[in-house]
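Worksheet: the structure to be examined is printed underneath.
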Amino acid sequence: MKIAVLSRKASLYSTARLVEAGKKRGHEMRVINCVGCYMNITSHRPTLHYKGKELESYDAVIPRIGASNTFYGTAIVRQFEMMGVFSINESQAIIRARDKLRAFQLLARKGIGLPITGFARNIHDIDDLIKMVGGAPLIIKLLEGTQGLGVVLAETKKAAESVIQAFYGLKSNILIQEYIKEASGSDIRAFVIDKRVVASMKRQSKEGEFRSNIHRGGTASKIKLTPEERSIAVRATRALGLRVAGVDLLRSNHGPVIMEVNASPGLEGIEKTTGVDISDKIMRYIEKNHESGNSSGSRIKG
């Protein structure tokens, strides 16, 4: 098979591992920077061009699109889809997952556990918004933030009001969420492929930090999920129409709650922590599904 990996750099761990796993299984792999692509949009013969040449045909594409390139990157994935190329995550599903507000609304509609979450745009609604999520301490999140950036823990009502006012003053869209104190600065990453959790790890924040991201000094350890946690990770992935996803959840007093569903989850932390060859599992999934174009439930509303 000929498989394209949409990534800005071939040297990135996740990209390099996918290329390695594909070659090991006998596939022809190529890394393509989506920003360098351009397209010819026609009804009868849509094409993609890269570095001055029309791209040859591919059997499958693996999107590894950064958050800053979501709009253009998903347009490129959509062009691949128009050309009949199988994508491990469809363009529309990636867009759903990247829009935090839309994702939370879709998850809530499916009855999936979430932290209490508020959204408003008027500065006069701040007081009621804070009450809505149970008061301080609370979490304030930029809708466009990734990897822990744009996430603030406001420990008092006064601090929350100041931060919310500052974000509104910058015309930024934010979510206000309850702070799950009992999680004690830890979260769980479940890696889902084809409606099944294939690996999971617990991430613990460093002293004095509430964000558990590994690149922010957090530590990771292998963990066994409960049946409820496995179920909610798979349900959240399906609710957004994704086939492959990293699902971040917290253990709260009222059960597991979803923090985020990542359409381009990194492989380094979870492969090294769990010893699971996720790259190989992704290749096997492509081999099983690329000919049928199996949508794995991605045709959803919203």
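Every number in this text was worked out from the coordinates using simple rules, so none of it is lab data. On a predicted model such as this, the values are computed, not experimentally measured, just so you know. Glycine gets a Cβ as well: all are built from the backbone with ideal geometry, and neighbour counts include every protein chain shown.
Values for this structure:
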| read-out | value |
| --- | --- |
| Hits among lysines - C-alpha to C-alpha of Lys202 under 18 Å, sequence gap 8 or more where chains match | Lys181, Lys222, Lys224, Lys272 |
| Angle in degrees between helix 100-109 and the longest Cα principal axis of the chain, rounded to the nearest 10 | 80 |
| Residue-span extension gain [Lys195 to Glu54] - 0.36 nm each, minus C-alpha spacing | 47.3 nm |
| Simple spin-label estimate for Ala108 and Ala159 in nanometres, 7 Å along Cα-Cβ | 2.6 |
| Mean ellipticity per residue at 222 nm, deg cm²/dmol - from DSSP H runs of n ≥ 4 across the chain, formula -39500 (n - 2.57) | -9500 deg cm²/dmol |
| Equivalent ellipsoid dimensions for the stretch 117-179 as semi-axes, Å, which come from the Cα gyration tensor, largest first | 16, 13, 10 |
| Length added when fully stretched, Asn253-Asp99, from 0.36 nm per residue minus Cα-Cα | 52.7 nm |
| For the stretch 22-80, projected area of the alpha-carbon convex hull averaged over all directions, nm² | 4.6 |
| Burial ranking of peptide ranges 46-55, 66-75 (average Cβ count within 10 Å, highest at the top) | 66-75, 46-55 |
| Ranked packing of 126-138, 270-282, most packed first, by mean Cβ within 10 Å | 270-282, 126-138 |
| Set of lysines near Lys171 by C-alpha distance (under 23 Å), chain-local residues within fewer than 8 positions excluded | Lys100, Lys131, Lys141, Lys157, Lys158 |
| Zone of Ile116's modelled label, taken as backbone nitrogen in the stretch 254-282 under 20 Å from a point 7 Å along Cα→Cβ | 254-260 |
| Pairwise FRET efficiency - Thr47 versus Ala136, Cβ, R0 = 51 Å, nearest 0.05 | 0.40 |
| Spatial extent of the stretch 21-142: Rg and Dmax, with the Cα atoms as the point set, Å | 20.1, 60 |
| Chain lengthening between Tyr13 and Arg25 when straightened (0.36 nm per residue, less Cα-Cα) | 2.5 nm |
